[in-house]
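Let me begin by presenting the structure, written as structure tokens, before commenting on it.
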Amino acid sequence: MRVLLVACLVALVVPSGAAPAGADGLALTPPMGWNSWNRFGCDVSEKLMKETADALVATGMRDAGYQYLVIDDCWQVRRDDKGVIVADPERFPSGMKALADYVHGKGLRFGLYSDAGTGTCQKRPGSKDHEAIDARTYADWGVDYLKYDWCNAEGQDTRDSYARMGRALRESGRAIVFSICEWGSTRPWLWAQGIGQLWRATGDIQDCWDCGKSWGGMGVVHIIDLVADLHPYAGPGHWNDPDMLEVGNGGLSAAESRAHFSFWALLAAPLMAGNDLRTMSKETLDILTNREVIAVDQDPLGMQGRKVRDNGPQEVWMKPLGDGSRAVILFNRGTEPGDVAVPWEDVGLAPGEKALVRDLWRKADIGSFTGRFQAKVPPHDVVMVKVSPQP
């Protein structure tokens, strides 16, 4: 069945007391960086963070656009007698300001994790009733990005809780990107614009293609389907977040990893790597640093892609780009190779129009095509192309 293009965006109302999206100049394109959770969980340390910062530079990932190094849960252990959050002195002996200085010295930006409830998901101190002091502390340390979770928040209102921290961050005196992480449970795309710059739209990702966990984790294709209809709510300074990348963590094939990365780019998603950068393979690095695919994610027009054709296991997805071209994914979610075609009218071109097609994974022009383009796509894989109308 063909899925019709949505011709207009939904007009969103900025919540009372919130800043208009993009007014602060933050996250005008989806944030790119690295987060510790998917690969390391609670096993975080100053040593790991410094080595990862070094690897972001040495591998070329920084130069490809990855800016933020974010420490997820388990860095914090208690509050002192003045209510100030305390980093684990054994794992972070130099303290967070010194670590932030090290990260900044590499030409990177520094991020931390907290929680809107009384405790984090791993039962470390949360920020409930400490929003102002935590925001000031993070600003003093040189934090540039805050991921804010939703564990141990029974009885709290999500919009109020996140608005409290959003205000505290704006009043801290430092520009800090605010990543809302309430797992899409209260449809944050309807209320979070102007409170944060990005919001999780789904439950936690798992390192698998098509799977689920009893506690709520989900595979890559499940997440793709959950965010498919949220394109009206994304744009510069306000992004749907389908969770961090699992590329390089071992649970996905090369084809699945390529499809995973392609979709996150087409969906204008934050690109937060979650693998061990110190030991990754060349294949993983090549996927994470494909600049032509990254350019689709970082396109300044800021539109999230959407599905435009659905033929069972074969699908076509499209994202308009600022230069008038279209990024197109020919997707085969089936178990056998299949031919996938995109008629030009599906992507907003005239049926008889000529367009240049460039393969973004082969990094090569394929040729000029009139009316449509077709390719054979392996199972669990994509062909990702840029379609540029010709005069």
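Antiparallel as a % of all DSSP beta bridges within the stretch 32-297, to the nearest 5? Antiparallel bridges: around 20 percent, rounded to the nearest 5.
Each helix, a run of at least 4 DSSP H residues, gives -39500 (n - 2.57); summed and divided by the residues of the chain, these come to -6500 deg cm²/dmol at 222 nm.
Using a cutoff of 8 angstrom between alpha carbon atoms and counting only pairs six or more residues apart, the relative contact order for the stretch 306-389 works out to 33 percent. The simple Förster model, with R0 at 35 Å and r as the Cβ-Cβ distance, assigns residue 254 and residue 160 a FRET efficiency of 0.20.
Under a 5 Å amide H cut-off, with hydrogens placed 1.01 Å from N, residue 198 pairs with 178, 180, 239 among residues at least 5 apart or on other chains. Each residue of the stretch 185-191 is assigned a 3J(HN,Hα), and the resulting list reads 5, 10, 6, x, 4, 8, 9 Hz, derived from the Karplus form 6.51 cos²θ - 1.76 cosθ + 1.60 (θ = phi - 60°), x at Gly and Pro. Taking Cα atoms only, the orientation of helix 254-266 departs from the longest principal axis of the chain by about 80 degrees.
With R₀ set to 25 Å, the beta-carbon distance separating residue 286 from residue 353 gives a calculated FRET efficiency near 0.15. Each residue, residue 84 and residue 64, gets one label point 7 Å from its Cα in the Cβ direction; the gap between the two is 3.9 nm.
Distance from the Cα centroid of the stretch 316-385 to that of the stretch 227-246 is 22 Å (rounded to whole angstrom).
With the contact rule set at Cα under 8 Å and sequence spacing of 6 or more, what percent relative contact order holds for the stretch 183-290? Computed over the stretch 183-290, the figure is 23 percent. Other residues within the sphere of radius under 14 Å centred on the Cβ of residue 142, judged by their own Cβ, net out at +2 (K and R +1, D and E -1). Here's how it looks for residue 68: its modeled amide H is under 5 Å from those of 32, 33, 34, 109, which are all 5 or more places away or on a different chain. Across the stretch 223-234, computed HN-Hα scalar couplings (Karplus, 6.51 cos²θ - 1.76 cosθ + 1.60, θ = phi - 60°) run 5, 4, 5, 5, 9, 4, 9, 9, 4, x, 9, 9 Hz from first to last residue, x flagging Gly and Pro.
With a Förster radius of 25 Å applied to the beta-carbon distance between residue 279 and residue 94, the computed FRET efficiency rounds to 0.55. The string of couplings for the stretch 143-153 from the Karplus curve (6.51, -1.76, 1.60, θ = phi - 60°) is 6, 10, 7, 10, 8, 10, 8, 9, 8, 6, 10 Hz, one whole number per residue in order, with x for Gly and Pro.
No value in this document is a laboratory result; all are computed from the given coordinates. Please read all numbers here as calculations on a predicted model, not as lab measurements. Neighbour counts run over all protein chains shown; Cβ positions are idealised from the backbone, glycine included.
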